[in-house]
Amino acid sequence: MHKNHLRPMAAGAVALALAASLSACGGSSAASDEKVVTVYSADGLKGENGDGWYDKVFKDFEKKTGIKVEYVEGGSGEMVQRAVREKTNTQADVLVTLPPFIQQADSKGLLQAYEPAGSDQVESADKASDAKWTSVVNNYFGFIHNTKELKTPPATWEELLDGKYKEKIQYSTPGVAGDGTAVLIKAMHDFGGKGPAMAYLKKLQANNVGPSASTGKLAPKVDKGELLAANGDVQMNYAQSKDMPNLGIWFPAKAGSKPTTFALPYAAGLVTKAPHSANGKKLLDFMLAEQAQKDVSAVGGGFPARKDIEATDSNALALTKLMDGVEVFEPDWSDVAANLDSYVDAWKSATGS
């Protein structure tokens, strides 16, 4: 097992309602005095039915501080792009994305240094050395299958090329969704480089339904049998499986090799020129506090980011068992962040997307 624990993801969409008030106040003292904090986040941590990790953390945070959380959700890349567009009129206080998008956000000047209380207990690999971001929930990349139609998931990537999967496979869009980008990272690792990975994904395109900006929206399709297999991540899909009985998590292998995965944490940072910077700091502290970290597995179905929090609830035990026999590799995130555009372009060229 990797030294990382798992982290949760949840799905759900909430509209941003305070654009007018923030644009009016800008970064003034009036804005900073408001009892509000705005979070831009990748999907996965908010529950479909108000029962996700974010739901509990935000509710507890508002109860303790009186600060209301305004929540905006989308794919990791989508959230970074939105924050870039708003640099002259910053709306977000806290940004939460999967790697490599948190590194990309930093490279675009979107994040300011802040060390949340408790971040000293986060592994060095799971936080920026200059305190620009830190993981708040740990997690792993994975795939899902319909357990009713496929009692045993396909063991290998190669099996997904079979004709029975035609228009029954879908994965989220690389470069837009964090889990979609993870498909490229895992394929390049498993097949031994960009060329062989793209050659495989070109073949897979014959069975692929097409792009999806959101990974979270794929699980209901798999549960209903509209799809037989899709990509996802362990935390989000495990949380979704509580309400979707036909959802199973699996990790494809290259033929003749072991199944693999890699850590894909939710990483959070304080946004540069945040309108409510003090409130953003309080929320980051709260996310890494002991109770919130204990809730990561118990409520969110993921693993805590803090190494001093040992999760022993039934979810944590089930997730640990799920990872048995799966080889965990560590991507070179600096390489991925630096070359992401070229990898996505190679994917577009190979698949005609």
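Where a number appears in this text, it was derived from the coordinates with a stated rule and is not lab data. It should be emphasised that the depicted structure is a prediction, and the values quoted were computed from it without experimental measurement. A quick note on method: Cβ atoms are made from the backbone with ideal geometry, for glycine too, and the neighbour counts reach across all protein chains shown.
What the table shows:
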| item | result |
| --- | --- |
| Of K63, K127, K258, the one that fluctuates the most in a GNM where the chain has Cα springs shorter than 10 Å | K63 |
| Ranked W347, W333, W250, W53, criterion: other C-beta atoms within 10 Å, fewest first | W333, W250, W347, W53 |
| Highest-fluctuation residue, S277, S124, S41 considered, GNM on the chain with Cα pairs under 10 Å | S124 |
| When each of K221/K254; K148/K254; K64/K186 is checked by Cα-Cα distance, pairs over 32 Å | K64/K186 |
| Too-long pairs where the Cα-Cα distance tops 32 Å, listed order kept, from K59/K132; K68/K168; K35/K224 | K68/K168; K35/K224 |
| Exposure proxy ranking, count of Cβ atoms within 10 Å, fewest first, for E158, E310, E78 | E310, E158, E78 |
| Set of aspartates and glutamates with alpha-carbon distance to K203 below 18 Å, sequence-local pairs under 8 removed | E158, E159, D162, E167, D190, D345 |
| Sorted by Cβ neighbour density within 10 Å, fewest at the top, the residues H276, H189, H145 | H189, H145, H276 |
| Answer label, with semi-axes √(5λ) of the Cα gyration tensor in Å calculated from the coordinates and candidates [x] 33, 21, 18; [y] 41, 22, 18; [z] 41, 27, 20 | [x] |
| Cα centroid of region 77-99 to Cα centroid of region 274-312, whole Å | 20 Å |
